[in-house]
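Undergrad: Okay, handing you the structure first.
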Amino acid sequence: MSSYLVVSALGENRPGLVNELSDVASKVGCSIVDSRMTVLGNEFGILMLLTGEWNALAKMEHQLPLLANRLGLTTMIKRTTQTKKETDKLPYQIQVIARDNQGIIRDISHFFYQLNMDIIDIHSDTYPAPHTGAPMVELNLLVNLPTSVLIADIRELFSQFCDEENLDASMDPLRH
């Protein structure tokens, strides 16, 4: 029976980190089920969900601190279980582009929290606007809408919120 392990690592960005981490996972018998990797400032961050037999995960738990020490990484590991399927939820993709204002992510996350909607994934990026250089932010969120709510009602509330906050946004069902 497969088990799961969440691995997070953070360290100074340099070539080869993805190779080193994925190599160790493979050698101990783990598979990478899901991952997020990015450079933040001069730091490299990674989140990985690994799967494997209990002994493969135990080997990873043993090997990771040694690898982290050698590579200068700060790591955390945690056992977890497989994601429960939520058939009473509909995944929606939200994209917001706006002037970057302090608290914008908090305000958007609070909007969905008030409606009891889970934010499953969020990615944000800031950039200077073309021609003007104004600070801009692009947010991409994946949220789960309860099937018990009317989508038109949620769209209307979200549209009102975006108008009040001067946000350019879209809300579309996730297509796979």
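The values are calculated or read from the model by the stated rules, or taken from the named source; none is laboratory data. The shown structure was predicted, so the numbers you read here are calculated from the model rather than taken from an experiment. Don't worry about glycine lacking a Cβ; one is built from the backbone with ideal geometry, like all the others, and counts go over all protein chains shown.
Undergrad: Within 30 Å of Glu156 (Cα to Cα), assigned to a strand (DSSP E or B) and not small (Gly, Ala, Ser) - does that describe any residue in the stretch 73-89?
TA: Within the stretch 73-89 (the criterion being within 30 Å of Glu156 (Cα to Cα), assigned to a strand (DSSP E or B) and not small (Gly, Ala, Ser)), the answer is yes, since at least one residue qualifies.
Undergrad: With (1) touching a Ser or Thr at 6+ places or on another chain (Cβ under 8 Å); (2) farther than 21 Å from Pro146 by Cβ; (3) charged (D, E, K, R); (4) surrounded by 15 or more Cβ atoms within 10 Å (Cβ to Cβ) as the list, and Lys89 as the residue in question, which single condition is left unmet?
TA: (2)
So that you can scan it fast, the table gives a plain yes or no per residue for (1) over 14 Å from Ile108 (Cα atoms); (2) touching a Phe, Trp or Tyr at 6+ places or on another chain (Cβ under 8 Å); (3) among the β-branched types (Val, Ile, Thr):
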residue: Ser124; (1), (2), (3): no, no, no
residue: Pro130; (1), (2), (3): yes, no, no
residue: Pro146; (1), (2), (3): yes, no, no
residue: Gln160; (1), (2), (3): no, no, no
residue: Glu164; (1), (2), (3): no, no, no
residue: Leu174; (1), (2), (3): yes, yes, no
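Undergrad: Would you check if there is a residue in the stretch 150-157 being at pLDDT 95 or above, part of a strand (DSSP E or B) and of a type outside the set (Lys, Arg)?
TA: no
Undergrad: Return only the number of the condition from (1) assigned to a strand (DSSP E or B); (2) of a type in the set (Val, Ile, Thr); (3) surrounded by fewer than 12 Cβ atoms within 10 Å (Cβ to Cβ) that Thr132 does not satisfy.
TA: (1)
Listed here are the residues, each with its yes/no results for (1) farther than 26 Å from Met37 by Cα; (2) touching a helix residue (DSSP H, G or I) at 6+ places or on another chain (Cβ under 9 Å); (3) without any contact (Cβ under 8 Å) to a residue 60 or more places away in the chain.
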{"site": "Asp118", "(1), (2), (3)": "no, yes, yes"}
{"site": "Ser124", "(1), (2), (3)": "no, yes, yes"}
{"site": "Ala134", "(1), (2), (3)": "yes, no, yes"}
{"site": "Leu139", "(1), (2), (3)": "no, yes, yes"}
{"site": "Leu145", "(1), (2), (3)": "yes, yes, yes"}
{"site": "Phe161", "(1), (2), (3)": "yes, yes, yes"}
{"site": "Asn166", "(1), (2), (3)": "yes, no, no"}
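Undergrad: If you don't mind, another one. What number goes with the only condition from (1) over 18 Å from the mean Cα position of the chain (by Cα); (2) at pLDDT 95 or above; (3) of a type outside the set (Gly, Ala, Ser); (4) under 30 Å from Cys162 (Cβ atoms) that Asn101 does not pass?
TA: Unmet condition: (2).
Undergrad: For Asp121, only one of the following conditions fails: (1) under 16 Å from Cys162 (Cα atoms); (2) in contact with a Lys or Arg (Cβ under 9 Å, 6 or more places away or on another chain); (3) of a type in the set (D, E, K, R). What is its number?
TA: The one condition Asp121 does not meet is (1).
Undergrad: Considering each of Ile94, Ile105 in turn, give the residue that is closer than 24 Å to Val6 by Cβ, of a type in the set (Val, Ile, Thr) and either assigned to a strand (DSSP E or B) or free of Cβ contacts under 8 Å to residues at least 40 places away in the same chain (or both). Break it down into steps so the answer makes sense when it comes.
TA: On the way: Ile94 fails: closer than 24 Å to Val6 by Cβ.
Just a single option satisfies the conditions, and that option is Ile105.
Undergrad: Testing Lys59 on (1) part of a helix (DSSP H, G or I); (2) at pLDDT 95 or above; (3) under 26 Å from Asp125 (Cα atoms); (4) of a type outside the set (Asp, Glu), one condition comes back false. Which one is that?
TA: (3)
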